[in-house]
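Here it is, the structure in full.
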Amino acid sequence: MKYHIITFGCQMNKSDSERIASYLEKKGYKEAEEKDANLIIINACSVRKSATDRIHGKVKKIKEKPTTVLTGCILKRDKAKFSKLFDYILQSNDLAKWPLFGGKETDFFKIPPKRKGVSAFIPIMTGCDNFCTYCVVPYTKGREVSRPAKEIIEEAEKAVSNGYKEIWLLGQNVNSYNGEMTFPDLLRKINKIKGDFWIRFVSSHPKDFSDDLIRAMSSCKKVVKYLNLPLQSGDDEILKKMNRPYTSEDYKNLIERIRKAMPDIELSTDIIVGFPEETEENFRNTAELFREIKFDMAYISCYSPRPQTVAYKMKETVSDCEKKRREKILTEILKENNAEKTKKYKGKEVKVLVFEKNKKGELQGKTAKNKTVLFSGPSKLIGRFVKVKITQTSPWSLKGEIKQK
Ligand code: SF4
């Protein structure tokens, strides 16, 4: 009884896979390489079309005949499409009902995760009520449900006592967390746990980003001063079509308030280019705002229609080639900004959490502000904090020398 899990998509899926692994091991399964496994689970993502295409690619490569399970973020329509390729298509949070196992009802979040890697991913809620017109999540994950705060705090305490240096609080829209306390109060509680660790959270929605959250972020020392705040578009017409209930002005004001409270904060954002009917002028508004805010990082994606969403019925008006052009323009702006902004790190000493050794044999880690740092050192430092003096900067990463082991 050997299992292998293949995970696509966001941290939430990675976190679910850790719970699935733990459940399987309790049932007597052992983790194995893909080629040796007799149970292969693909934890899928339907957010982008490219991610669904990868499921096809992956399952076709499975040659022997193990039992195959498809789980994760799957649209009804894709379920039908994949039903011939997999033995089972199942809900990840309904593990106990999987016909493979039987047994009594299990609360998915009560399963202790089998953590992998350096960070502890802790889901604080599932689902989403926002129905952005391009997004499948409300259809695949259902409505928002918050986990009880006590359970989250206990999981965080355990992760810290097990030596994890980075806690990620996960949800599709963490700002609207509502499990016996507000999200800012949850941050305050987790910040009080004793130990040297960072707190990160994702994803945020600008409409729910309250002044109390700004206060909590700035007063809680362990909460990193780095924030991903998805803008999606800098044009009011497109924001409306995306069902994002804020204007470019609202977003700008919010960023001003955040920067006023935390002048040294670094910001990243998510942008979709080529949404249906996005004209050159609409795009120019996005590019202008993008230039003005000077983000430290951005995740820019070309719009791809997803079945079941409202935008799926809208006529696509931007060619793939034009989407790529728009993506490139924003990437260039980001690169220019970053080449300048990262120079301030030269000669500075930064605290780095070490993640891995890369293919070149260098250690790779991140600062609290999510900057990638490369340096030489022994593998035993993986999972630990070290001090690194920065000797070289580039738009996407920093290089340095270790100061203290
Ligand atoms: S808030 Fe995020 S998860 Fe929810 S619908 Fe919008 S993009 Fe999707």
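The values are calculated or read from the model by the stated rules, or taken from the named source; none is laboratory data. Everything numeric here is computed off the predicted structure, so don't read it as measured data. Ideal geometry is used to build each Cβ from the backbone, glycine not excepted, and the neighbour counts take in all protein chains shown. When the accessible area is computed, the model is the full protein with side chains, heavy atoms only, and any ligands, DNA or RNA have been set aside. Shrake-Rupley method; radii C 1.70, N 1.55, O 1.52, S 1.80 Å.
Please give the charge dipole size of the chain, origin at the Cα centre, charges +1 on K and R Cβ atoms and -1 on D and E Cβ atoms. Round to the nearest 20 debye.
In debye, rounded to 20, the chain gives about 1560.
Starting from 0.36 nm per residue, how many nanometres of slack lie between Lys26 and Lys221 once their C-alpha separation is accounted for?
Here the segment from Lys26 to Lys221 would lengthen by 66.5 nm.
What is the extension gain from Ser319 to Asp250, computed as 0.36 nm multiplied by their sequence separation minus the C-alpha to C-alpha distance, in nm to one decimal?
My answer for the length gained is 21.9 nm.
How big is segment 2-109 along each principal axis, measuring the range of its Cα positions in Å and listing the largest first?
Result for segment 2-109: principal-axis Cα extents of 34, 29, 24 Å.
Which of these, Ser248, Ser319, Ser203, has the largest mean-square fluctuation under a Gaussian network model of the chain (Cα springs below 10 Å)?
Answer for the Gaussian network model of the chain: Ser319.
Need one number: the % of Cα-Cα pairs in segment 85-210 sitting beyond the 21 Å mark.
Result: 47 percent of Cα pairs exceed 21 Å.
Which value results for Rg/Rh of segment 145-200 when Rg is the Cα radius of gyration and Rh the Kirkwood radius based on the inverse mean 1/r?
Rg/Rh: 0.94.
Taking a quarter of the surface of the Cα convex hull of segment 316-358, what do you get in nm²?
Directional mean of the projected Cα hull area for segment 316-358 stands at 5.7 nm².
Here's something else I'd like to know. What aspartates and glutamates sit close enough to Lys35 to cross-link, taking a C-alpha to C-alpha distance under 17 Å and skipping anything fewer than 8 places away on the same chain?
The qualifying aspartates and glutamates are Glu64.
Indicate, rounded to the nearest 5 percent, the antiparallel portion of the DSSP beta bridges found entirely in segment 117-342.
Taking every DSSP beta bridge within segment 117-342, about 10 percent pair in antiparallel fashion.
Additional query: Would you please state the base-10 log of I(q)/I(0) at q = 0.15, 0.20, 0.27, 0.30 1/Å for segment 218-271, with intensities from the Debye formula using one equal scatterer on every alpha carbon?
These q points yield log10 I(q)/I(0) values of -0.47, -0.74, -1.06, -1.19.
Continuing with the same structure: Mind computing the radius of gyration and Dmax over the alpha-carbon atoms of the chain? Å is fine for both.
21.7, 59
Next question, about the same structure. Compare Val310, Val388 by solvent-accessible area with a 1.4 Å probe and give them largest first, with all protein chains kept in place.
Result of the area sort, largest leading: Val310, Val388.
While we're on this one: Please report, to one decimal in angstroms, the Kirkwood hydrodynamic radius of segment 346-404 built from all distinct Cα-Cα pairs.
About 10.9 Å, per the Kirkwood formula over Cα pairs.
So, one more: Taking a Cβ-Cβ separation under 4.7 Å as the criterion for a possible partner, which cysteines of the chain have none?
Cys10, Cys45, Cys73, Cys128, Cys220, Cys302, Cys321
I've got another one for you. Could you sort Arg257, Arg115, Arg188 by accessible area so the largest value comes first, with the probe set to 1.4 Å?
Output order, biggest surface exposure first: Arg257, Arg188, Arg115.
Continuing with the same structure: Per DSSP H run of n ≥ 4, the term is -39500 (n - 2.57); total these for the chain, divide by its residue number, and report the mean residue ellipticity at 222 nm rounded to 500 deg cm²/dmol.
Taken over the chain, the calculation gives -9500 deg cm²/dmol.
Taking every pair of alpha-carbon atoms in segment 299-405, give the share separated by more than 21 Å as a whole percent.
Tail fraction, whole percent: 51.
Still on this structure, I have one more. Taking the Cβ of Gly171 as the center, what net charge do the other residues with Cβ under 10 Å away carry, scoring Lys and Arg +1 and Asp and Glu -1?
My count for the surroundings of Gly171 gives 0.
Roughly what % antiparallel, to the nearest 5, for the DSSP beta bridges in the chain?
Counting only bridges with both partners in the chain, antiparallel ones make up about 35 percent.
A further question on this structure: Under the 0.36 nm per residue contour assumption, what length would be gained going from the current alpha-carbon distance of Asp212 and Lys194 to full extension?
4.2 nm
Picking from Ser219, Ser203, Asn191, whose Cα lies most toward the positive end of the charge dipole for segment 188-267 (charges on Cβ: Lys, Arg +1; Asp, Glu -1)?
Working it through, the farthest residue towards the positive pole turns out to be Asn191.
Out of the chymotrypsin sites (Phe, Trp or Tyr not before Pro) in segment 321-405, which ones are loop residues according to DSSP with at most 15 other C-beta atoms within 10 Å?
Passing sites in segment 321-405 are Trp396.
Can you tell me which of Asp236, Asp107, Asp185 moves the most in a GNM of the chain? Springs connect C-alpha atoms under 10 Å apart.
Asp107
Which order do you get for Ser304, Ser119 if you rank them by accessible area with a 1.4 Å probe, largest at the top?
So, going from the largest accessible area down, we get Ser304, Ser119.
Right, next: Once you compute Rg and the Kirkwood Rh from C-alpha atoms, what is the Rg to Rh ratio for segment 117-342?
0.98
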